[in-house]
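Novice: Dropping a structure here in structure tokens format, bear with me for questions.
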Amino acid sequence: MGDTATAQSAPKENWKSVAARKKAAQTAAIPKEWIIELPEATRRNVTSVPKECGVLSAKELEITDLKDVDALLKKLASGEWSAVEVTTAYYKRAVVAHQVVNCLTEIYIDKALAWATELDKALAATGEPVGPLHGLPISLKDQICIEGLDTVMGYVAWVDRPAAKNAVLVDILLDAGAVPFVRTNVPQTLMWGETFNVVFGRTLNPHNRNLAAGGSSGGEGALLGMGGSPLGVGSDIGGSIRNPAAVNGLYGLRPSYDRIPYEGAVNSGQGQEAISSVLGPMTRHVSGLKAFTKAVLDAKPWTRDPYCVRKPWDEASYALAEHGRGEKLCFAIMWDDGIVRPLPPVRRALQRAKAALEAAGHTVVDWVPPVKHADFRPVVLSIFGAAAGEDVLETVQQSGEPALSTMDPSKPPKDRVDAPEGGKLVWKRDGRPDPVALSSYEFFNVCWKKRELQRLYLEGWMATKEKTGTGRPVDAIITPVGPYPAPPHGNHIHAFFTTWCNILDYPASVFPVTVVDPQLDLPEERTEFFGPEDEKVHALYSSADIFKDAPINLQLVGQRWEEEAVIGMTELVDAAMAAYK
């Protein structure tokens, strides 16, 4: 009785102290011999630091420079490279990356190497790889639980709460022979297109550290952009795989709802299923999209996650059986979304994609959306804001930390946010209308509107059969991922080039096309705009040099549930881009 009373009367640890303690533990987990001399703070592009720092051997650089996931898996399966040496090489590179772009959360070297050691023992004993991902290091966004490790997800309140068991996806990856070896940084709540929280800090873009690394899978994007992982797993509810993959020059896949198991991962807005968050791969080589997706689906995830659809890997769909088997496809290009006109480097990427696809023998037409994309905005914002951020506020009040209202580094978070006397605290965000809690009836009506938009868009897509010349509707839509390259920190303005896919539940990939070229991508004069948001985006591009070295990706959108075809078409487009001179 006395012990209980003492525990209850003990002073609560200040949130700043908890955050500092967690960050210090992360730093302490880095071996001293892996600590590097940091480049000058003014250096923007740090992608070559792993080769310059002296931490990695020539062999380790060879291993981590091999982007092709299939080629890496063959070397691991044959025993040419051991799981331990590959995991060690990637761990070193990940830790080096972290020191210059702040991309990691959990560092657990001994645990990862123990998994890798068991894989090497099994291969030596049987002569057979453990599974399709034998020995492959895989990084995970900091919401995918690993037994015994915290899953902080940007909240001080979730420090010192180790997971009791693995997320279903982690168990599947381990069974497939993968080595989940690091966890990566996210913004508080996940509901941001940039990456900052008060526990681990801000993640930077390795191509240009003055720019954002994207979000909410920004740690994954920055790590992969530094070559610190061959393949990672992110999540996406509005673009959170595609945005960070794009601004870091990577490949990524947003699958349809419940195709990849989510069970056991943590999230914000749990129980909101009108627009579901999904897990998917991010990788430096297009081969990683198939390697990950096929391995997970071959494990029959619907036997472990009650929400997963019973839909095995479809090899015919991957071979584009319903898309002319990859011969003479018809792609549609969305040049803008009627809300914001993309900036010059993004438009150049679209033009390059069109030329490359036509040179490869495909047809390219303009996409005329059957629904105004501006009509998606009120539905999306109503669904995401239906609870007025009550789950966020409930969580931050446990620790006293602030609910972040901005990603702008010039506006540091307050010590805490208190409700006005007699009032109710509402989570407000820069550039967003104040959220309004919806009644059940109001929420039902919004969900019904979502269904109507899905119907209208499908009807419009199917009607393109009369215009393609293939006898089929448009095979896929090519769009910007965002209207800009990676924006300066605090300036992620427009997410609706990706979010429309989430509301319609269309699978979508992203693929690299080019980088900003200050000689080619000159600013332009404009006097007419779609609206204030368009004008604000235009104003970001006062000088191309601001965005120097920033990657430019595009998005490929397919029909619901055809992830395999989207992967197959992404490979086709990637090959066409590589062949185009």
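The values are calculated or read from the model by the stated rules, or taken from the named source; none is laboratory data. The model shown is predicted, which means the values in this text are computed figures rather than measured ones. So basically every Cβ, Gly included, is an ideal-geometry build from the backbone, and we count neighbours across all protein chains shown.
Novice: Let me confirm something: among Ala116, Ala157, Ala77, which residue is hydrophobic (A, V, I, L, M, F, W, C), under 24 Å from the mean Cα position of the chain (by Cα), surrounded by 18 or more Cβ atoms within 10 Å (Cβ to Cβ) and assigned by TED's automatic domain parsing to the domain that holds Met226?
Specialist: Details: Ala116 fails: under 24 Å from the mean Cα position of the chain (by Cα); Ala77 fails: under 24 Å from the mean Cα position of the chain (by Cα).
The match here is Ala157.
Novice: Here's a follow-up. For the stretch 26-41, what are the residues that are part of a helix (DSSP H, G or I) and surrounded by 14 or more Cβ atoms within 10 Å (Cβ to Cβ)?
Specialist: Gln26, Trp34
Novice: Restricting to the stretch 42-59, name every residue that is over 26 Å from the mean Cα position of the chain (by Cα) and surrounded by fewer than 16 Cβ atoms within 10 Å (Cβ to Cβ).
Specialist: Residues satisfying the conditions are Thr42, Glu52, Gly54, Ser57, Ala58, Lys59.
Novice: If I filter the stretch 137-150 down to residues being crowded, with 24+ Cβ neighbours inside 10 Å and not hydrophobic (A, V, I, L, M, F, W, C), which single residue comes out as farthest from Gln398 (Cα to Cα)?
Specialist: Step by step, filter the stretch 137-150, then rank; the result is Pro137.
Novice: Tell me which of these Gly361 doesn't satisfy, since it passes every other one: (1) over 26 Å from Asp337 (Cα atoms); (2) surrounded by 15 or more Cβ atoms within 10 Å (Cβ to Cβ); (3) out of contact with any helix residue (DSSP H, G or I) (no Cβ under 6 Å at 6 or more places or on another chain).
Specialist: Of the numbered conditions (1) over 26 Å from Asp337 (Cα atoms); (2) surrounded by 15 or more Cβ atoms within 10 Å (Cβ to Cβ); (3) out of contact with any helix residue (DSSP H, G or I) (no Cβ under 6 Å at 6 or more places or on another chain), the odd one out for Gly361 is (2).
Novice: Let me ask something else. Going through the stretch 472-493 one residue at a time, which ones are under 19 Å from Trp367 (Cβ atoms), part of a loop (DSSP other than H, G, I, E, B) and out of contact with any Cys (no Cβ under 6 Å at 6 or more places or on another chain)?
Specialist: Just the residues of the stretch 472-493 that are under 19 Å from Trp367 (Cβ atoms), to begin with: 472-483.
Adding the requirement that they be part of a loop (DSSP other than H, G, I, E, B) leaves 472-475, 481-483.
Residues satisfying the conditions are Arg472, Pro473, Val481, Gly482, Pro483.
Novice: Do the conditions hold for Val182, that is, is it in a loop (DSSP other than H, G, I, E, B), crowded, with 24+ Cβ neighbours inside 10 Å, touching a Ser or Thr at 6+ places or on another chain (Cβ under 9 Å) and touching a residue at least 40 places away in the same chain (Cβ under 8 Å)?
Specialist: Values: in a loop (DSSP other than H, G, I, E, B): no; crowded, with 24+ Cβ neighbours inside 10 Å: yes; touching a Ser or Thr at 6+ places or on another chain (Cβ under 9 Å): yes; touching a residue at least 40 places away in the same chain (Cβ under 8 Å): yes.
No, not satisfied.
Novice: Starting from residues that are assigned to a helix (DSSP H, G or I) and surrounded by fewer than 24 Cβ atoms within 10 Å (Cβ to Cβ), keep the ones in the stretch 93-111 and report whichever is farthest from the chain's Cα centre (by Cα).
Specialist: So, considering only residues that are assigned to a helix (DSSP H, G or I) and surrounded by fewer than 24 Cβ atoms within 10 Å (Cβ to Cβ), the one farthest from the chain's Cα centre (by Cα) is Asp110.
Novice: State all residues of the stretch 491-517 that are of a type outside the set (Val, Ile, Thr), touching a Phe, Trp or Tyr at 6+ places or on another chain (Cβ under 9 Å) and closer than 20 Å to Gly225 by Cβ; if no residue qualifies, say none.
Specialist: The answer is Asn491, His492, Ser509, Phe511, Pro512.
Novice: Select, from Arg526, Arg560, the only residue that is under 20 Å from the mean Cα position of the chain (by Cα) and among the basic types (Lys, Arg).
Specialist: Working: Arg526 fails: under 20 Å from the mean Cα position of the chain (by Cα).
Step by step, each of Arg526, Arg560 is checked, and only Arg560 is under 20 Å from the mean Cα position of the chain (by Cα) and among the basic types (Lys, Arg).
Novice: Find the residue count for the stretch 353-378, including only residues that are part of a helix (DSSP H, G or I) and more than 21 Å from Thr514 (Cα to Cα).
Specialist: Selection size over the stretch 353-378: 6.
Novice: Just to be sure I understand, how many residues within the stretch 233-247 are closer than 22 Å to Leu572 by Cα, touching a Ser or Thr at 6+ places or on another chain (Cβ under 6 Å) and either of a type in the set (A, V, I, L, M, F, W, C) or part of a loop (DSSP other than H, G, I, E, B) (or both)?
Specialist: Here the count works out to 1.
Novice: When the stretch 248-279 is examined, which residues are found to be outside any loop (DSSP other than H, G, I, E, B) and under 15 Å from Val186 (Cβ atoms)?
Specialist: Ala265, Leu279
Novice: Does any residue in the stretch 482-502 that is in the same structural domain as Ala212 (by TED's automatic domain parsing) come within less than 8 Å, Cβ to Cβ, of a residue that is among the acidic types (Asp, Glu) six or more places away or on a different chain, and which pairs are these?
Specialist: none
Novice: Checking Met569 against (1) among the aliphatic types (A, V, I, L, M); (2) surrounded by fewer than 19 Cβ atoms within 10 Å (Cβ to Cβ); (3) not in a loop (DSSP other than H, G, I, E, B): exactly one of these is not met. Which one?
Specialist: Of the numbered conditions (1) among the aliphatic types (A, V, I, L, M); (2) surrounded by fewer than 19 Cβ atoms within 10 Å (Cβ to Cβ); (3) not in a loop (DSSP other than H, G, I, E, B), the odd one out for Met569 is (2).
Novice: Can I ask one more? Pairs please, first residue from the stretch 367-394 and on the phi > 0 side of the Ramachandran plot, second anywhere and surrounded by fewer than 17 Cβ atoms within 10 Å (Cβ to Cβ), Cβ atoms under 7 Å, 6+ apart in sequence or on different chains.
Specialist: Here the result reads Ala388/Val436; Ala388/Ala437, each pair linking the stretch 367-394 to a residue that is surrounded by fewer than 17 Cβ atoms within 10 Å (Cβ to Cβ).
Novice: Which of the residues belonging to the stretch 280-311 are in a loop (DSSP other than H, G, I, E, B) and touching a residue at least 12 places away in the same chain (Cβ under 8 Å)?
Specialist: Across the stretch 280-311, the qualifying residues are Arg284, His285, Val286, Ala299, Lys300, Arg304, Asp305, Pro306, Tyr307, Cys308, Val309, Lys311.
Novice: Out of (1) within 16 Å of Pro31 (Cα to Cα); (2) outside any helix (DSSP H, G or I), the odd one out for Ala89 is which?
Specialist: (2)
Novice: Here's something else I'd like to know. Which count do you get for residues in the stretch 432-461 that are over 22 Å from Gln272 (Cα atoms) and surrounded by 14 or more Cβ atoms within 10 Å (Cβ to Cβ)?
Specialist: Adding up the residues that qualify gives 5.
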